[in-house]
4 protein chains.
Amino acid sequence: MELKWTADEVFGFLETEFPHALQRGLDYEVVSLAPEALDLRARADERHLRPGGTISGPTMMELVDCAIYVLLLAHHREQARLAVTTNLAISFLRKPKPGPLLAMVRLIKHGRTLSVARTDIISEADGRQVASSEATYFMGGAG
Amino acid sequence: MELKWTADEVFGFLETEFPHALQRGLDYEVVSLAPEALDLRARADERHLRPGGTISGPTMMELVDCAIYVLLLAHHREQARLAVTTNLAISFLRKPKPGPLLAMVRLIKHGRTLSVARTDIISEADGRQVASSEATYFMGGAG
Amino acid sequence: MELKWTADEVFGFLETEFPHALQRGLDYEVVSLAPEALDLRARADERHLRPGGTISGPTMMELVDCAIYVLLLAHHREQARLAVTTNLAISFLRKPKPGPLLAMVRLIKHGRTLSVARTDIISEADGRQVASSEATYFMGGAG
Amino acid sequence: MELKWTADEVFGFLETEFPHALQRGLDYEVVSLAPEALDLRARADERHLRPGGTISGPTMMELVDCAIYVLLLAHHREQARLAVTTNLAISFLRKPKPGPLLAMVRLIKHGRTLSVARTDIISEADGRQVASSEATYFMGGAG
């Protein structure tokens, strides 16, 4: 499936429709965007740190959810506004050191009503994978 | 297993050690705390809303993670500081209306090194369950 | 939602349509069946044991999947034939001793297209919970 | 980490210690075995089919669990006998056509006490991925 929005169009939509998503201190940057594949970098600020300086679990969950939403918007434009996460599972592999995180999302299923996204989170400080997630999205109304 | 800290002692610890966890706009209130069982109410502010006024998925994931951490601290005091989430799964059942959320955590396994917590999230606006989560915690160092 | 089939009608359907599901050595008995709630007992034979005599994980996953399918059939009759599991998560809490297992399924969401089932597995040998599962089903075609 | 057993040594151990695991109708073949990476082919027989001829979900869950156990045995020899699955999540992407399945396991974390395995299942009939799983193993006793 081809992309219908550029990264700029997606973030323009988010800034208008969903401004609080972008105001919680995660500074996002699209590294690459292709059909069914997005690499999104996030810079966490001090609000996202746990004692010891590692980045918190909820910060990584928010990054995963946001990255998938960006990719679905790029594919389906404002129609993806109705997409709902039906479930999300995440494994935390190592405590990430402070520094940017790279979320690599791949749609391993991209159906008319259900999509499944796998996301690896890499700590750019040392290049190691720190988390792995799988999430299902339902395109449509109430389920 | 008995509790070693009261709710006030837990939040005193969090305010000192982990202040940013409590400054992201979720206003927490311990409704009840008993061995292996915590009910924690959260009031989301506008930063936690999605378009349409529903509370976002990452907000609920953050609530689950925080509630479990509070319960583990109440049981193990500062020793739980080292507890790490190894994985978390959450199913989103319905879009929560604006209003307080109640996270009901139960430790269904509470071992020396591994604990498993099940959490129901109830929307107090209509009394319906909006999410269900299961998470595993590892007490200790690097895994 | 009300039930449309009795337990006997469900198992009659399974014996006709899906005989191999019932021939893998798990001996099933419906303990109670009510709207959105099924308790299903399974007696494992030696094919389901791991060294040390505990019941294997795949045996418990099969029990969960079968129990949910039985409950969906009771609700939707042969229409549930098209139900597909979209994802299943299970936590193993304790090694079950040999003896019957009781799977307690509850539909915590029962929508037109998506249903979410939570299942506790209890070891009847000692009354303790040995596993906890959450699974999502999609009623319909290709997803 | 290096491997301590060959595939033949692993299966020799399983045949002695855990014979029923290999007698449920799945015919396993090790396609490749390297540190932290195993490709395991399984041929399902008719006991593993659902109506319509697709391979059942529990069959795929059993394949995932078995493949990870084989890889842990190859790394840790009989010490892995004590490994317990703490949790397993699987997403079903497409209904597999009849024919061999290839489980590709990768250990994305391989710690002293906790390991996390990601497994893709590919249907060799058409080369498409049919399931994706993530599972955590605890090396040790009661947890």
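List the residues, sorted by chain then number, that are 5 or more residues from B:Val130 or on another chain and whose placed amide H is less than 5 Å from its amide H.
B:Ile121, B:Ile122, B:Ser123
Per 10 Å bin from zero, what fraction in whole % of the C-alpha pairs of chain D is there, up to the bin with the longest pair?
12, 44, 34, 9, 0
Please report the carbon-and-sulfur percent of the accessible area for chain D; probe 1.4 Å, protein heavy atoms only, DNA, RNA and ligands left out.
49 percent
As a quick test, which of the pairs A:Lys4/D:Lys97; D:Lys4/D:Lys95; C:Lys109/D:Lys109; B:Lys4/B:Lys97; D:Lys4/D:Lys109 have an alpha carbon distance above 25 angstrom in this structure?
A:Lys4/D:Lys97; D:Lys4/D:Lys95; C:Lys109/D:Lys109; B:Lys4/B:Lys97
Considering only D:Leu33, D:Leu102, D:Leu71, give the residue with the highest GNM mean-square fluctuation for chain D, with springs between Cα atoms whenever their separation is below 10 Å.
D:Leu33
Calculate, for chain D, the solvent-accessible area per residue in square angstrom, rolling a 1.4 angstrom probe over the heavy atoms of the protein chains.
Value returned for chain D: 38 Å² of accessible area per residue.
Shortest first, in nm, what separates the label point of D:Pro19 from those of the same position in the other copies (7 Å along Cα→Cβ)?
Sorted ascending, the copy-to-copy spacings read 2.8, 6.7, 7.2 nm.
Given H placed on each backbone N at 1.01 Å, which residues far from D:His110 in sequence or on other chains put an amide H within less than 5 Å of it?
D:Val116
Identify the residue of chain C whose Cβ lies closest to the rotation axis that maps chain C onto chain B, and give that distance in whole Å.
Closest Cβ on chain C to the axis mapping it onto B, in Å: C:Ala89, 2.
Between copies, how far does the label point of A:Gly53 sit from its twins, in nm, shortest first, when each point is 7 Å from Cα along Cα→Cβ?
4.5, 5.3, 6.0
If the viscosity is 0.692 mPa s and the temperature 37 °C, what translational diffusion coefficient in µm²/s does Stokes-Einstein give for the protein assembly as shown when Rh comes from Kirkwood over Cα pairs?
The estimated diffusion coefficient comes to 136 µm²/s.
Computed FRET efficiency, Cβ-Cβ of C:Asp45 and C:Glu9, R0 41 Å: what is it to the nearest 0.05?
Efficiency, rounded to the nearest 0.05: 0.95.
In percent, how large is the relative contact order of chain A, given Cα pairs closer than 8 Å and 6 or more residues apart?
24 percent
Measuring from centroid to centroid over Cα atoms, what is the spacing of segment B:78-97 and segment D:93-132 in Å?
Measuring centre to centre over Cα atoms gives 26 Å.
For the interface of D with C, what's the total buried accessible surface in square angstrom, probe 1.4 angstrom, rounded to the nearest hundred?
What D and C bury together is about 2700 Å².
The values are calculated or read from the model by the stated rules, or taken from the named source; none is laboratory data. Note that the structure is a prediction, hence the values are computed from the model and not measured. All Cβ positions, glycine included, derive from the backbone under ideal geometry; neighbour counts span all protein chains shown. When the accessible area is computed, the model is the full protein with side chains, heavy atoms only, and any ligands, DNA or RNA have been set aside. Shrake-Rupley method; radii C 1.70, N 1.55, O 1.52, S 1.80 Å.
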